1. Looking at [x] 99, 39, 33; [y] 59, 47, 41; [z] 80, 41, 41, which value of Cα extents along the principal axes in Å comes from a calculation on the structure shown?
2. Assigning unit charges at the beta carbon (Lys, Arg +1; Asp, Glu -1) and nothing else, what dipole magnitude in debye, to the nearest 20, does the range 9-124 show about its Cα centre?
3. Going through the cross-link list 116/202; 105/336; 63/105; 124/185, which pairs have a Cα-Cα distance over 22 Å in this structure?
4. Roughly speaking, what % of Cα-Cα pairs in the range 197-277 are separated by over 22 Å, rounded to a whole number?
5. Sort 185, 105 by Cβ crowding within 10 Å, fewest neighbours at the top.
6. List 350, 211 from most exposed to least, where exposure is judged by having the fewest other Cβ atoms within 10 Å.
7. Output ³J(HN,Hα) for the range 146-156: one whole-Hz value per residue in order, computed from phi by the Karplus curve 6.51 cos²θ - 1.76 cosθ + 1.60 with θ = phi - 60°, and x for Gly and Pro.
8. Given points 7 Å out from each Cα along the Cα-Cβ axis, report the residue 326 to residue 83 separation in nanometres with one decimal.
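Quick note: the coordinates plus some simple rules give every number you see, no bench work behind them. Remember, it's a predicted structure, so these values are computed and weren't measured experimentally. Neighbour counts run over all protein chains shown; Cβ positions are idealised from the backbone, glycine included.
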Amino acid sequence: MIPTELIGSIPRTPELLAALSDFEKGRIDGAAFAEAQGRATRETIERLEAAGSPVVTDGEQSKPSFLTYPVEGLSDLAADGVVIPFADGHTRQLPRLTSGPFRYKTHAEEYLRAAKKHTKSPVKQAVAAPSALSLLYPHDGIAGYPREQFLDDLANEAETDIRGCLDAGARVVQLDFEEARLSLKLDPSGGLLEEFISLNNKVLSRFTEAERARIGVYTGPGADQDSTHSLDVDYAELLPRLFKLTVGNFYLQLAGEPDRARVLSVIADQMRPGIRVFVGVTDPLDPRVETAQEVRDHVLEAARHIPVEQLGTCDDAGFAPYADDTSTSRDVAFAKIRARVEGTALAARELGV
């Protein structure tokens, strides 16, 4: 079989979205909100299994976003952090750290353990890459808390986040490194990207080779409200640097790329023994549901460049990386996932694996 995995997030259930609104307005308490999150997690896992997904996630039903879950509710944050502009004109703004020491309020292990209560299937857990969280530190610094100390604290917290998930039985832990391509837009020289990769590798160096085989990294051009933030950045500028990361698995957006063959050629040049490359074969930003035959053809195209024993498939991105993103329906998301699973199986049969 050719392995196939989703990236992580699934649109939240209607009940959960209503509960979130009620909780924010004080109409329900935290216990009732947590119960709604639990029901949404169970329903999401059941629908993933019904779609044939061999590996499941909690769909990030309980996360405020793929990035801010570690710091949601911390008292030492201000709202005026880094602004991320998207091509359609909307923005997302990160919080800004106001004091140290930096500590996570929530670790991803909590989400993993909650998900494992609802399934016997292998569970994948996505975590925020330390590089992304490094953007919380302000450009003008924090009095009495230098950036170097912040980065040390961040590395320790990120290690704890990953190790907790591995120890709790995650099939794979995926670092969400969506800011990689964006960094080349912010700094075309590549200096910022090299800083990000260095920080991530600093954390990864604390794990054994066997542990890193269960760690992966996802990158894409952004996927929020059917828009991207860096699709105009040449993938060829990113990929040679990205493959410096010492992980066992790479999850790469590809289905929505205008020139897939060119990107696959670049990937082929970067292949090394011991890694697996999962290529995107469905596009969450496209409302049309791909057919299994289209997915099969994408896989066969990728197999002409990537050794089949090192090939996997995924979606181009999560379907709702922020809790309030309702641009894609749950039904469409699960239909795309089913098409990915079935199309990957069709390709595997044609390839004789």
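1. Computing Cα extents along the principal axes in Å and matching it to [x] 99, 39, 33; [y] 59, 47, 41; [z] 80, 41, 41 gives [y].
2. Details: 16 positive and 16 negative charges, 59 e Å.
For this selection, approximately 280 debye.
3. Working: 116/202 29 Å; 105/336 34 Å; 63/105 13 Å; 124/185 30 Å.
Over 22 Å apart, Cα to Cα: 116/202; 105/336; 124/185.
4. On the way: 928 of 3240 pairs.
That tail contains 29 percent of the Cα-Cα pairs.
5. Details: 185 15, 105 12.
Ordered from fewest to most neighbouring Cβ atoms within 10 Å, 185, 105 come out as 105, 185.
6. On the way: 350 13, 211 16.
Lowest count first: 350, 211.
7. Per-residue couplings from phi come out as x, 4, 4, 5, 4, 5, 5, 5, 4, 4, 5 Hz.
8. 2.6
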